[in-house]
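Read through the structure below, which is laid out as C-alpha cells, and then see the notes.
The values are calculated or read from the model by the stated rules, or taken from the named source; none is laboratory data. Note that the structure is predicted; figures quoted are calculated from it, not measured. Using ideal geometry, Cβ is built from the backbone for each residue, glycine included, and neighbour counts are taken over all protein chains shown. Just so you know, the surface numbers come from the protein's heavy atoms only, side chains and all, with ligands and any DNA or RNA stripped out. Shrake-Rupley method; radii C 1.70, N 1.55, O 1.52, S 1.80 Å.
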Amino acid sequence: MRKIAQLELRLVAAHPDGKGGLGFLSQYPNAYMFFVFGMSAAIAAAVMKHLLQETLSMTTFSMIMSGWLAIVIAFFAYPLSAFSKPLARLKETGLLMFGVQATRFQRAAERKVLGRNVAADATEEPDDDVADPGKLFDATKKLSTMLISRDAVVPVAAAALIPFAVAGATRLPYKEVFSVLKKLLLL
C-alpha cells in the first residue's frame, strides 16, 4: 500500500466516494476477517485459561480486549495511512483551485447584475462564461484524508472481539462482558 501511495495517482477531489476515488481501498480489512477471527480465537483461548483459574479481573480482561483491538486496527490503519498525504495535498490544491474559480464566477455574476464589481480593482476582467464550481468546492471540502472508515473497521473489530466475549462469558457475568464488547465496537 505504501508503494502504491507513492505512485502518481489520478485522484479526483470531488469523487462521490469522498476519498478521491480511493474509497474501495478502505474495504480491504474485511478480506482478513477470518484470519483476525482465528488469531483472536487463539489469543482468547490463552486468556480463557487464566479466566478458568480465576487469575484475571474484569479490568484486566477489558484491557486485554482493548489492547488486542488496538493492535488489529493499527495493523490495518498503518498501510492506509500512506494515502493521507496525497489526499491532503489533493484537498488543499482542490480547495485553492475551486476557490479561485468560485471568485471568478461570483465576480462575473456581480458584473452581470451591477454592471461592475462591488470591490473593483484597476484591472479589467474578462467577461467569459465561468462555470459555477460551488458543488465541486463543497464536495472537495468534504473530502476525507483518512481511508480508514467505520464501516470497514466494525466487521474486523467484531471478528477480533467475539472470541474474547465468548471466553469472558464463561466466567464473568454476561452483562459485563457484552457491555465491554459494545463499548469497544462503538468507539
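Values as computed for the structure displayed
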{"item": "Checking Gly21 against (1) at pLDDT 90 or above; (2) assigned to a helix (DSSP H, G or I), the condition it does not meet", "result": "(2)"}
{"item": "Test: residue in segment 125-134 that is in contact (Cβ under 8 Å) with a residue 40 or more places away in the chain, open to solvent by 50 Å² or more (accessible area, probe 1.4 Å) and either under 21 Å from Met48 (Cα atoms) or in a loop (DSSP other than H, G, I, E, B) (or both)", "result": "no"}
{"item": "Selection count where residues are open to solvent by 60 Å² or more (accessible area, probe 1.4 Å) and touching a residue at least 40 places away in the same chain (Cβ under 8 Å), scope segment 74-99", "result": "2"}
{"item": "Enumeration of residues in segment 23-61 that are without any contact (Cβ under 8 Å) to a residue 40 or more places away in the chain, polar (S, T, N, Q) and open to solvent by less than 80 Å² (accessible area, probe 1.4 Å)", "result": "Ser57, Thr60"}
{"item": "Any hit, segment 140-150, residues being in a helix (DSSP H, G or I), under 30 Å from Val36 (Cα atoms) and either of a type in the set (Phe, Trp, Tyr) or open to solvent by 30 Å² or more (accessible area, probe 1.4 Å) (or both)", "result": "yes"}
{"item": "Some residue of segment 165-184 being within 21 Å of the chain's Cα centre (by Cα) and open to solvent by 50 Å² or more (accessible area, probe 1.4 Å)", "result": "yes"}
{"item": "Met97 being part of a helix (DSSP H, G or I) and either modelled with pLDDT under 90 or over 30 Å from Ala139 (Cα atoms) (or both)", "result": "no"}
{"item": "Tabulated pairs, segment 137-165, first more than 21 Å from Leu185 (Cβ to Cβ), second part of a helix (DSSP H, G or I) and of a type in the set (Ser, Thr, Tyr), C-beta under 8 angstrom, 6+ apart or interchain", "result": "Thr145/Ser84"}
